[in-house]
Amino acid sequence: MTTIEAVLGDITTETTDAIVNAANSSLLGGGGVDGAIHAAAGPRLLEACRRVRRTAWRDGLPVGEAVATEAFDLPCRWVIHTVGPNAHRGQTDPALLASCFTRSLDVAAELTATSIAFPAISAGAYGWAADDVARIAVDAVRRHPKPGITAIRFVLFGTPALEAFGRALA
């Protein structure tokens, strides 16, 4: 049985096996969750992301895909980077957003992670409404096979997102 919960907090302090980074396709850091994770993880995270770009994803990580790196100075073991769809750029297909969550779960299972923390991917700067993100995210993680994963936590920065995820989980 997998527990799924939503909490108000700072994803960079999570002690789950893996946290998910709402990255941009360059994997080289940015603002919001991405910037906070890079800052908390330290400079080795950027170097690890550069290695990923030199090898597996030379053209950048596509929307809806996920890849893992070590977590370095973070309290978790891994950072799973995923690129959410940007509604401001016309990327409004719910399947793309759902893929961020399901591919992250796939990567977590490959790592043998038992717990994972997600932010509200694509909410905020990428223009998706928190209620839509919450509904799509909760549905995706509930439907997707989660071998070995016993805990999924949505770690949300603000009360409106927490309330949206609370409604979706109800």
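Does segment 123-136 include one or more residues that are of a type in the set (Val, Ile, Thr) and surrounded by 15 or more Cβ atoms within 10 Å (Cβ to Cβ)?
Start the filter on segment 123-136 by keeping residues that are of a type in the set (Val, Ile, Thr), which leaves 133, 136.
Filter once more, so that each one left must be surrounded by 15 or more Cβ atoms within 10 Å (Cβ to Cβ): 133, 136.
Among the residues of segment 123-136, at least one is of a type in the set (Val, Ile, Thr) and surrounded by 15 or more Cβ atoms within 10 Å (Cβ to Cβ), which makes the answer yes.
Give the number of residues within segment 155-169 that are surrounded by 22 or more Cβ atoms within 10 Å (Cβ to Cβ) and within 21 Å of ALA36 (Cα to Cα).
Here is the first cut: in segment 155-169, the ones surrounded by 22 or more Cβ atoms within 10 Å (Cβ to Cβ) are 155-156, 161, 164-165.
Checking the rest, the ones that are also within 21 Å of ALA36 (Cα to Cα) come to 155-156, 161.
So the count comes out to 3.
For segment 123-170, give me each residue that is under 16 Å from PRO94 (Cβ atoms) and small (Gly, Ala, Ser).
Scanning segment 123-170 gives ALA123, GLY127, ALA129, ALA130, ALA134, ALA137, ALA140, ALA164, ALA168.
Being among the aromatic types (Phe, Trp, Tyr) and either closer than 12 Å to PRO119 by Cα or touching a residue at least 40 places away in the same chain (Cβ under 8 Å) (or both) is the requirement here; does TRP78 meet it?
Working: among the aromatic types (Phe, Trp, Tyr): yes; either closer than 12 Å to PRO119 by Cα or touching a residue at least 40 places away in the same chain (Cβ under 8 Å) (or both): yes.
Criteria met by TRP78.
Restricting attention to segment 121-147, report how many residues are of a type in the set (A, V, I, L, M) and closer than 10 Å to PHE101 by Cα. It would help to see each step written out before you state the result.
Initial filter on segment 121-147 (of a type in the set (A, V, I, L, M)): 121, 123, 125, 129-130, 133-134, 136-138, 140-141.
Subsequent filtering for residues that are closer than 10 Å to PHE101 by Cα retains 121, 136-138, 140-141.
Residues in segment 121-147 being of a type in the set (A, V, I, L, M) and closer than 10 Å to PHE101 by Cα: 6 in total.
Considering only residues that are among the β-branched types (Val, Ile, Thr) and out of contact with any Pro (no Cβ under 8 Å at 6 or more places or on another chain), which ones fall in segment 146-170? Before you say what the answer is, go through the steps one by one.
From segment 146-170, those among the β-branched types (Val, Ile, Thr) are 149-150, 152, 155, 159; that's our starting set.
Across segment 146-170, the qualifying residues are ILE149, THR150, ILE152, THR159.
Within segment 138-170, work out how many residues are in a helix (DSSP H, G or I) and under 17 Å from ALA18 (Cα atoms).
Within segment 138-170, the first condition is being in a helix (DSSP H, G or I), and the residues that meet it are 138-143, 159-169.
Pick out the ones that are also under 17 Å from ALA18 (Cα atoms) and you get 141.
Residues flagged as in a helix (DSSP H, G or I) and under 17 Å from ALA18 (Cα atoms) within segment 138-170 amount to 1.
Looking at (1) of a type outside the set (Gly, Ala, Ser); (2) part of a helix (DSSP H, G or I); (3) in contact (Cβ under 8 Å) with a residue 40 or more places away in the chain, find the lone condition where ILE121 falls short.
Tallying (1) of a type outside the set (Gly, Ala, Ser); (2) part of a helix (DSSP H, G or I); (3) in contact (Cβ under 8 Å) with a residue 40 or more places away in the chain, ILE121 fails exactly one: (2).
Please go through segment 78-99 and pick out each residue that is within 20 Å of GLY30 (Cβ to Cβ) and either in contact with a Pro (Cβ under 8 Å, 6 or more places away or on another chain) or of a type in the set (Phe, Trp, Tyr) (or both).
Within segment 78-99, TRP78, VAL83, GLN91, LEU96, LEU97 meet the criteria.
Every number in this text was worked out from the coordinates using simple rules, so none of it is lab data. Being a predicted model, the structure only gives us computed values, none of them experimental. Quick reminder, even Gly has a Cβ in these numbers, built from the backbone with ideal geometry, and neighbours come from all protein chains shown.
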